[in-house]
Amino acid sequence: MSTLARVNLLLERLLEVLTVFLLLALTTIVIAAVGFRMMGNSFSWYDEVASIGLAWLSFYGANLAAMKRSHMGFPGLVSRAPTSIRATLFIVSEVIVISFFLIIAYYGYQVLEILAWDSLVTLPTIGLNITQSVIPISAVLFILCELLSMPMAWRKMHSGLNSESEEIEAAIRQAEEDLKEHRA
């Protein structure tokens, strides 16, 4: 396995662990908050922390989707175009996405400096710069995920493969295997 493949796998696993942890933590907080509210002892910090947890889950989940190249797009339309147009669209889209996240990372970091003096309303010991750090961190991670997954995406683009076709073919193979097992 190449070094790039190992780094891809490591980052993908790290993002999977992080998103699962965030999902479980958010679920636990919501269930506990509902239970305590039913007993008349609601958490004063629940709304603020739950909304931040959902934002973190969304941002880091988007990084995982970027690593797997699973974001919404038009792969069927692009894969049918001639190779030169596919290559041009690929390069242009990568430049746009990476440029966008460079801007988000830069200004997200600038905002952290402004928020350094502010804190959560219900948990004043937690600074807003900590809660909002997800913006520049996930922007940099998104760029890293794009760059690490780019060689594989470039090969698929050149061969005319797209994720939708691969998923459909895999589902058909699985259905055929299931049918054979059912008949046996």
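Values quoted throughout were computed directly from the atomic coordinates according to the rules given, and no laboratory measurement underlies them. Please read these numbers as outputs of a predicted model, since none were measured by experiment. No Cβ is skipped: glycine too gets one built from the backbone with ideal geometry, and neighbour counts run over all protein chains shown.
Below are the figures for this structure:
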read-out: Dipole magnitude of the chain about its Cα centre (Cβ charges: Lys, Arg +1; Asp, Glu -1), debye to nearest 20; value: 360 debye
read-out: Separation in nanometres of the label points that stand 7 Å from Cα toward Cβ, at V7 and A170; value: 2.4 nm
read-out: Top positive-direction residue, dipole computed over segment 108-184 with Cβ charges, set L148, S119, S138; value: L148
read-out: Top of R13, R173, R69 by mean-square fluctuation, Gaussian network on the chain, Cα under 10 Å; value: R173
read-out: Sorted by Cβ density within 10 Å, fewest first, the residues I98, I143; value: I98, I143
read-out: Convex hull volume per residue in cubic angstrom - Cα atoms of the chain; value: 174 Å³
read-out: For segment 103-179 versus segment 52-101, the gap between their alpha-carbon centres in whole angstrom; value: 10 Å
read-out: Förster radius 45 Å - calculated FRET efficiency between R183 and S119, Cβ distance, rounded to 0.05; value: 0.10
read-out: Extension gain (nm, one decimal) between S93 and I29, 0.36 nm per residue minus Cα-Cα; value: 19.2 nm
